[in-house]
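Peer 1: I am attaching a structure below and will ask some questions about it afterwards.
The values are calculated or read from the model by the stated rules, or taken from the named source; none is laboratory data. If you're wondering where the values come from, they're calculated on a predicted model, not measured in any experiment. Note that each Cβ is placed from the backbone with ideal geometry, even for glycine, and that neighbours are counted across all protein chains shown.
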Amino acid sequence: MSALPSSRVDAKRFGRRFEALAAIGATAAGGVDRQALSAADACAQALMVQWGRERGFLALHDAAGNLFLRRPGTLPGEPLVLSGSHLDTQPTGGRFDGVYGVLAALEALEALEDAGLACRRGIEAVAWMNEEGSRFAPGMMGSAVLTGARTLRATLAVTDADGISVEEALRETRSALPALADRPLDTPVCAYVEAHIEQGPVLEREGIPLGVVTGIQGKHTFRVEVRGEAAHAGTAPRRERRDALLAATAMVQAMASEFADAEDIIKFTVGRFDVTPNAPSVVPRRVAFSIDLRHPESQRLQALAARVAQLCDAHRGPCEVQVERLVAADAIAFDAGIRDRIATAAAHLGVPVLSLPSLAGHDAGLVARIAPAGMIFIPCRAGITHHEDEFAEMDHMIAGVRVLADVLHGLAR
Ligand SMILES: [Zn+2]
């Protein structure tokens, strides 16, 4: 009987690759700024392609800009097992979010190679296009297109703050990469497992090195535009003003109070606030802001989301308001079979686990629409994430890779 792939996981190789990717888009404060489809993203993808090809894996791109490294199976017609995450980051992001899952998948493939374990099904390490939604909104674009949650056409038309479309940026990215095989969007997939840092404090607090993720809390996002009228800050009388900023802040305050539940389960965030003309002596004529609203129960979330437009309207004062819903992602429960495989593989390796929900969104939540999906969490320091201080222990990363490798082997053999 041959050894399991977990025995061939190479911590040094993983560590080298981790450092190499952390250097691409590295910030002075020790984090990473690697926006989706930027030059840095293309550079990271090119490195993945190089590493994959060195091991004889097939590198593919699909129409949505998702990158795949495939270790073929012995039965070519079989649906594929997928594992991965994303290479893009927030502008002051950390070194772990996303990258960990992509490299964990690649290391699992290499461990299978090193163990000489041929599998019936092919396995792909995937780097999803634009998970973060920082340069192009909303996030999770690549997995949304692959799973049919969004159309390719609408996605390619999205533009960034400089007016550059996803389509243009994708063309630019492809031109910086070696020629890749095309992967049809409807390529059959039979399972997906994503490894990720927890992005919360639970595993660290409990002293448990591995999380079996039960599901993902739902998330609705909105773009609110408040229109008033510009006026002179010194001469315009108060009763005649249509101050878009005062109206917008009243809306935000009203939502913040109504969504402040005693149990602290509702998560309400206004992370972007654009004031026009944003001049010290001009009454603002226009404010655009974002809303990110989350809850682990779909029904409750829908009820809360319905209140957004009502509260904005009730507090618009003399201004006009338009509320646009960008994302309406309900809560997701991961496949019981995948969860069981993760728990079993961990038990075999003597890695203690804890079952917990994910409070952040992940591509796995979308892939769950088309195939049994699940996630492995590892602890991160103090739950700090989307921040340059983000940190995870190498021992925890490797424990996660070892469990992932055995789970993928079980799914593919
Ligand atoms: Zn992530």
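Peer 1: Got at least one residue in the stretch 346-356 being buried (at least 16 other Cβ atoms within 10 Å of the Cβ), in contact (Cβ under 8 Å) with a residue 12 or more places away in the chain and not hydrophobic (A, V, I, L, M, F, W, C)?
Peer 2: no
Peer 1: Would you confirm whether or not the stretch 330-353 contains a residue that is aliphatic (A, V, I, L, M), out of contact with any helix residue (DSSP H, G or I) (no Cβ under 9 Å at 6 or more places or on another chain) and within 15 Å of the ligand (Cβ to nearest atom)?
Peer 2: No: the stretch 330-353 contains no residue that is aliphatic (A, V, I, L, M), out of contact with any helix residue (DSSP H, G or I) (no Cβ under 9 Å at 6 or more places or on another chain) and within 15 Å of the ligand (Cβ to nearest atom).
Peer 1: Mind checking which residues of the stretch 198-216 are within 16 Å of P352 (Cα to Cα) and either within 16 Å of the ligand (Cβ to nearest atom) or among the small types (G, A, S) (or both)?
Peer 2: E198, L203, G207, G211, V213
Peer 1: Looking at H61, H86, which one is within 16 Å of the ligand (Cβ to nearest atom) and modelled with pLDDT of 95 or more?
Peer 2: Numbers: H61 fails: within 16 Å of the ligand (Cβ to nearest atom).
It is H86.
Peer 1: Among the residues of the stretch 114-137, how many are within 16 Å of the ligand (Cβ to nearest atom) and in a strand (DSSP E or B)? Don't jump to the end; show me each part of the working.
Peer 2: Initially, the stretch 114-137 is screened for residues within 16 Å of the ligand (Cβ to nearest atom), giving 125-137.
Among the residues that remain, those that are also in a strand (DSSP E or B) are: 125-128.
The number of residues fulfilling the criteria is 4.
Peer 1: For A111, are the conditions met, namely being over 25 Å from the mean Cα position of the chain (by Cα), in a helix (DSSP H, G or I), crowded, with 24+ Cβ neighbours inside 10 Å and assigned by TED's automatic domain parsing to the domain that holds G200? Explain how you work it out, then say what you get.
Peer 2: Details: over 25 Å from the mean Cα position of the chain (by Cα): yes; in a helix (DSSP H, G or I): yes; crowded, with 24+ Cβ neighbours inside 10 Å: yes; assigned by TED's automatic domain parsing to the domain that holds G200: yes.
Taking the combined requirement at face value, the residue satisfies it.
Peer 1: Right, another one. What is the number of the single condition among (1) surrounded by fewer than 22 Cβ atoms within 10 Å (Cβ to Cβ); (2) in the same structural domain as V351 (by TED's automatic domain parsing) that A195 does not meet?
Peer 2: Condition not satisfied by A195: (1).
Peer 1: Among the residues of the stretch 358-373, write down those that are within 16 Å of the ligand (Cβ to nearest atom) and either surrounded by fewer than 24 Cβ atoms within 10 Å (Cβ to Cβ) or outside any strand (DSSP E or B) (or both). Walk me through it before giving the result.
Peer 2: Within the stretch 358-373, the first condition is being within 16 Å of the ligand (Cβ to nearest atom), and the residues that meet it are 358-368, 373.
Across the stretch 358-373, the qualifying residues are L359, A360, G361, H362, D363, A364, G365, L366, V367, A368.
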